[in-house]
Amino acid sequence: MQRIAFKMKLFEGCREEYKRRHANLFPELKELLKQTGVSDYSIFLDETSNDLFAILKLEEGKTMEALPANPVMQRWWAHMADLMETHPDLSPVVVPLQELFHLP
């Protein structure tokens, strides 16, 4: 199982709306992520910087490379674009994080 971590940036004052939208995650997005091999996906907020920290597990041998082209993912990005930093294609600005320590 691969562990993947990254950070994103939430706009000031968007915390509650971000939580609300994730509480109502598109069922088809949830299914897409599971089919891709994603599990145990969590997102945390650093309220001092509005940085979002995400960590997920990805099944060995699986990749998330096809997700950006998927219409469900693109629809989710459009749904979330007003709350966070995004690229022109509405994908979130993601900064990969390097794992330096893990206590299994």
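The values are calculated or read from the model by the stated rules, or taken from the named source; none is laboratory data. Since the model is a prediction, treat every value here as computed from it, not as a measurement. Positions of Cβ are backbone-derived with ideal geometry, glycine not excepted, and every protein chain shown enters the neighbour counts.
Looking at P104 and the list (1) at pLDDT 95 or above; (2) exposed (fewer than 11 other Cβ atoms within 10 Å of the Cβ), which single condition is not satisfied?
Only one criterion in (1) at pLDDT 95 or above; (2) exposed (fewer than 11 other Cβ atoms within 10 Å of the Cβ) is unmet by P104, namely (1).
Per-residue answers, yes or no, for (1) hydroxyl-bearing (S, T, Y); (2) at pLDDT 95 or above; (3) touching a Phe, Trp or Tyr at 6+ places or on another chain (Cβ under 7 Å):
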| position | (1), (2), (3) |
| --- | --- |
| K9 | no, yes, no |
| E12 | no, yes, no |
| A23 | no, yes, no |
| K30 | no, yes, no |
| S49 | yes, yes, no |
| A54 | no, yes, yes |
| P68 | no, yes, no |
| M80 | no, yes, no |
| L83 | no, yes, yes |
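Give me the residue from the stretch 29-65 that is of a type outside the set (A, V, I, L, M, F, W, C) and within 11 Å of the chain's Cα centre (by Cα) and, out of that set, nearest to M1 (Cα to Cα).
Y41
Would you mind stating whether A23 is over 14 Å from the mean Cα position of the chain (by Cα) and loosely packed, with under 13 Cβ neighbours inside 10 Å?
no
Can you pull out the strands (runs of 3 or more DSSP E) entirely within the stretch 1-99 that have at least 2 residues that are out of contact with any helix residue (DSSP H, G or I) (no Cβ under 9 Å at 6 or more places or on another chain) and touching a residue at least 24 places away in the same chain (Cβ under 8 Å)?
2-9, 51-58, 95-97
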